[in-house]
1. Being within 12 Å of the ligand (Cβ to nearest atom) and in a loop (DSSP other than H, G, I, E, B) is the filter here, so list the residues in segment 695-709 that pass it.
2. If a residue must be free of Cβ contacts under 8 Å to residues at least 60 places away in the same chain, among the acidic types (Asp, Glu) and assigned to a helix (DSSP H, G or I), how many such residues does segment 712-765 contain?
3. Find the residue count for segment 288-306, including only residues that are within 19 Å of the chain's Cα centre (by Cα) and buried (at least 21 other Cβ atoms within 10 Å of the Cβ).
4. Grab the helices (runs of 4 or more DSSP H) fully contained in segment 94-187, keeping just those with 2 or more residues being closer than 20 Å to Thr676 by Cα and not charged (D, E, K, R).
5. With respect to the numbered conditions (1) over 20 Å from Leu379 (Cβ atoms); (2) in contact with a His (Cβ under 9 Å, 6 or more places away or on another chain), which one is the sole condition not fulfilled by Ser674?
6. Which of the residues belonging to segment 660-694 are over 20 Å from Leu518 (Cα atoms) and either within 12 Å of the ligand (Cβ to nearest atom) or in contact with a Pro (Cβ under 6 Å, 6 or more places away or on another chain) (or both)?
7. Could you go through segment 144-153 and let me know if any residue there is away from the ligand (no atom under 15 Å from the Cβ), touching a strand residue (DSSP E or B) at 6+ places or on another chain (Cβ under 7 Å) and either under 17 Å from Trp232 (Cβ atoms) or at pLDDT below 95 (or both).
Amino acid sequence: LSIPLSSLSPATPMTPAPCDLGNSTEAIKSSIVNHVRFTLGAYVDSASPNDWWVATCLAVRDRVMDSATKSRTLHRKSGVRRIHYLSLEYLMGRLLENNLRNSGLYDSVKQALSEMGKDLDALLQSEPDMGLGNGGLGRLAACFMDSLSTMNLPAIGYGIHYEFGLFRQEFVNGRQVEHPDAWMRDGSPWKIARPSYRQRVQLYGRVTQRFDENGNPHAQWVDTKCLLGLPWDIPIVGYDSHTVNVLRLWQAQADEDFNFKIFNEGSYIEALREKAIAETVSKVLYPNDATESGKELRLVQQYFFVACSLADIVRRFKNGYSLPWSEFPSKAAIQLNDTHPAVAIPELMRILLDEENLDWGSAWKICQETFSYTNHTLLPEALEMWSVGLFERVLPRHLQIIYRINAQFLDGPVEARWPGDAAKKRVLSLIDERGGKYVRMAHMSVLGGHATNGVAALHTRLLCERLFPEFHELFPERFVNITNGVTFRRWLDVCNPQLSSLITETIGEGWKKDASKLRGLDASADDAGFRDRYRAIKRHHKVVLAKIIQDSCGVCVSPDALFDVQIKRLHEYKRQHLNLLNIVTLYRQILNNPKADFHPRVFIFGAKAAPGYFLAKNIIHAINSLANKVNNDPRVGDKLKVVFLPNYGVSLAEKIIPAADLSEQISTAGKEASGTGNMKLALNGALTIGTLDGANVEIAEEVGDDNIFIFGLTVEQVTDLKARGYNPWEYYWNNEALRDTIDWIGSDYFTGHAHDFKPLRDSFLEHGDPYLCLADYQMYVDAQAKVDAAYKQPELWTKMAVLNTARVGFFSSDRTIQDYADKVWKLPQVAVP
Ligand code: NTF
């Protein structure tokens, strides 16, 4: 049977005209039902809650995908520069509610579901968190994606499609136990595979030479192992904007050619083993926060996603325009979210030199114009360094390139500025040689780009003065401050719709896109009627949180108590153990003086510890053991409760933050780069008790000294004290309450075993108290007494809380992103019609 070819390819295309799906309740109802029936193959009558959730997500996704395609086309056709955000972490949390609120579909979808007897709120709560990040750094990237779409900026986020996100935390006898987080075991309706943009990545192997058509030598990377990267796209819906950018996450796959050869040799098992090894590359997120993890797999992860992303960017440049390479930076800006993706610098050099045959000088100029780098930490243990041996094995060609970058830098600008100064060269070199040889990724990031930024004013100052003083002296114009921000859509509109409505009713809707307008609320702080409503909303959220506490900790707490909240990763520098010292002190005071006039307080913790971080886990155990004692001590009653909510993450934060009265931001001055939880809590009317660290400094400036509780040593005082020789024993012997507190922690009172918290006790005394808890202890206890006094005056407290909400508009990530767009990326806004 032969069919004429012409009948298979009709002259008129068969694609029907694009249909507008419609946003009416009826249209949405039929979309959802269609997905239940035709996508999921279920009966409407018997579909599971998960089916309804998936069908609802898909109905929403259908309505944003057209905008995603339109945005992409417009960005390509208009030929504007795009920002490519490279990050190893994105802590997205749940997507449905955010997408509903941002797209304006919330009310009609709620109505549609309710007409079908389904409760939207229940569906929203059933969504698993997309927890592809550890903490602040990953959540910042997620906030930035929201702001980029909202502000009509052409952007792509690149990252890794981890099969397992951050571990799920459980407490067993007060100790942290980790479980895998299989967030997408059942797939995810938000992600779309893009197999046509798959990339191939080389690793290992060795370097030889080849000659181009003009007889010029070029390095050639051969005998490599290959991996494939499959991109998954997640649409990012902006608030009240038609721009839908994408987050593109790479999944590692085995190279089929490679397997095919082994299959032919009959080694079926061997072939599948290789495949499994290849796929481990995107298996799991490293659960380390603010510590460097020198593992080969981690380096391979970094290079894998960087190489896929750069190949994708280069493909778009070559297909989209016929421009010389010198124009590449006019089309593509690349932001390095910390040093984790810094291998992008030698990778772009490799592409330009070895594949595109550019000369060194031109390639280097393109790199510098393309890249910029955000530093997120001053902690020396968090600064990434890769051993030269490992680097050479995994990325031999890249190491050659790094050596050449280094030689040109040391022989050029460094020699010119400090002739013959070997010490300066040792300090500035890209290779650390103080015992073994290591590649300093932070130095490479400063050198390979045109801008380096810190994430709060104080942090940027310390970057220039302490971390990179010589770089700053050589290239002062490269250093900029861009204070962090958070998206007010998720962290107010979505998590606190009641407060969002009250604000909108009072000052109009403009604040959602221009957060500085929140200042319009300043006057309401003096309006008793407004304060009543504000307080009622806070109380509502405290009731909701009390229920969560009851369900997950089995502890009954009163919503009339002061909710004192410390939620962040568990780390010594964040000083959850200073908080612990204060609670133990209060516990003693209550026992010694049961009649003391102390407003009841609930101390609420949420924190995961890196699985290998022994002392952090000891602190969790100590807080849980303290909680167990305090909560069950009849002498204490309701005066004091301590709860450690398990499995802290984005969704839990959305419940805790609107319910918080007090926000603990008590890091040792000079250690917290910025903090972003501090901003979310202040926005929701929690007052801050904090040190002059990170963005706390700027929060204090914005809200005013009367509306915040600042205590503790400043950065300069910390430095002086350490220089003089800090001795925690002096504080121990000179302060009886402190001594009793520490002795009590070291006793068998809390668990029956005196050795249980010996590591914690030793860290305070025998190991020198590296984060100066003892030095700040008395000032902290005094500040907490001021908090107690203020909370007893509800009108005063609410006034302060309102002023916090009104005055933190500066910390919107829209402002942060506008700063990046203006100062670093030079990006225009492109409105999608
Ligand atoms: C974190 N850095 C800082 O510790 C926070 O202070 C800051 O708010 C966030 O970054 C976002 O800028 C890290 O997680 C890391 F990995 F750099 F240590």
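The values are calculated or read from the model by the stated rules, or taken from the named source; none is laboratory data. Bear in mind the structure is a predicted one, so any value in this text is a computation, not a measurement. Cβ: placed from backbone, ideal geometry, glycine included. Neighbour counts: every protein chain shown.
1. Of everything in segment 695-709, just one residue is within 12 Å of the ligand (Cβ to nearest atom) and in a loop (DSSP other than H, G, I, E, B), namely Ala695.
2. Here the count works out to 6.
3. Of segment 288-306, the ones within 19 Å of the chain's Cα centre (by Cα) are 288-293, 298, 301-302, 305-306.
Imposing the further condition that a residue be buried (at least 21 other Cβ atoms within 10 Å of the Cβ) reduces the set to 289-290, 301-302, 305-306.
Result for segment 288-306: 6.
4. Working: elements: 96-103, 106-115, 120-125, 136-150.
Helices (runs of 4 or more DSSP H) meeting the threshold: 136-150.
5. (1)
6. Passing the criteria: Gln665, Ser667, Gly670, Lys671, Glu672, Ala673, Ser674, Gly675, Asp693, Gly694.
7. no
Condition check ((1) closer than 27 Å to Ala783 by Cα; (2) touching a helix residue (DSSP H, G or I) at 6+ places or on another chain (Cβ under 8 Å); (3) among the aromatic types (Phe, Trp, Tyr)) across all residues:
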residue: Val494; (1), (2), (3): no, yes, no
residue: Thr506; (1), (2), (3): no, yes, no
residue: Glu509; (1), (2), (3): no, no, no
residue: Asp522; (1), (2), (3): yes, yes, no
residue: Ile548; (1), (2), (3): no, yes, no
residue: Ser558; (1), (2), (3): yes, yes, no
residue: Gln576; (1), (2), (3): yes, yes, no
residue: Val584; (1), (2), (3): yes, yes, no
